[in-house]
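Structure, as structure tokens:
The values are calculated or read from the model by the stated rules, or taken from the named source; none is laboratory data. Just so we're clear, the structure is a prediction, and the values are computed from it rather than from any experiment. Reconstructed Cβ throughout: ideal geometry from the backbone, glycine too, with neighbour counts over all protein chains shown. What goes into the accessible areas is simple: the full protein's heavy atoms, side chains included, and nothing from ligands, DNA or RNA. Shrake-Rupley method; radii C 1.70, N 1.55, O 1.52, S 1.80 Å.
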Amino acid sequence: MTTSAAPRPRVSIEAYLAMEAAATEKHILWDGEVFSVEAMAAGTIVHNTICANVIAALNASLRGSRCRVVTSDQKVWVPRKEGFVYPDATMLCGRAQAYAGTTDVLTNAALIVEVLSEGTEVFDRGDKFEGYRSIASLRHYVMVSSRHILAEHFARTGDDGWLLRTYGPGDELRVQGPDVVLAVDELYRMAFDADVD
């Protein structure tokens with residue numbers, strides 16, 4: 001991922017983790033480069049409403065299971081890119097497993113949700129999804145549009161391929177292992193009513 005033509009200095013994992021522990025804002029590490037999350041994220045009311053709705057819907061659907069959802073404050077390890085990112089929502093099942101030497105980096109995400117924004121959509125669909133596929137525990141990747149009602153669900157198949165299903169208004173996105181049902185309309189509840197006067 002690059003946001004400018006000037007090459008950035010490579011940063012080691014150890015240096016990134018030390019920097020991030022002392023930082024007042026979040027950064028990602030991707031292929032040895034550090035990027036500010038705030039500079040990339042949309043931060044719009046629509047985006048944040050959808051994120052909150054996704055987390056609420058996942059929490060409701062996971063009741064009674066051994067799975068939980070964590071917010072975008074959770075760092076996730078991406079092996080192929082030697083990276084650390086903050087997905088909009090992450091589901092894990094069973095005990096949380098931390099990256100070696102840390103207590104705040106998750107290595108066993110089962111489902112990741114990214115709410116697409118103008119500033120991150122190309123990255124979320126391309127390089128980031130390529131990296132996410134290297135997370136051995138990851139079974140589901142969901143991208144939710146912030147421009148119109150559309151959820152795209154990639155499910156890992158038995159042969160390590162990924163199957164895409166798309167969902168629109170009135171649809172239910174279904175995930176197996178654990179069984180999760182997300183009403184797409186609920187993911188967008190009041191999102192487009194959030195226009196600022």
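Details
- The condition of being in a loop (DSSP other than H, G, I, E, B), open to solvent by less than 60 Å² (accessible area, probe 1.4 Å) and in contact with a Pro (Cβ under 8 Å, 6 or more places away or on another chain) holds for only one of 117, 134, that being 134.
- For region 71-85, filtering for residues that are over 14 Å from residue 138 (Cβ atoms), open to solvent by 10 Å² or more (accessible area, probe 1.4 Å) and in contact with a Lys or Arg (Cβ under 9 Å, 6 or more places away or on another chain) leaves 3.
- Residue 52 among the small types (Gly, Ala, Ser) and farther than 13 Å from residue 13 by Cα: yes
- Hey, residue 65 of a type in the set (Gly, Ala, Ser), within 23 Å of residue 107 (Cα to Cα), surrounded by fewer than 18 Cβ atoms within 10 Å (Cβ to Cβ) and in contact (Cβ under 8 Å) with a residue 40 or more places away in the chain or not: yes
- Per the listing 174, 156, 139, 125, the residue uniquely basic (Lys, Arg) and more than 17 Å from the chain's Cα centre (by Cα) is 174.
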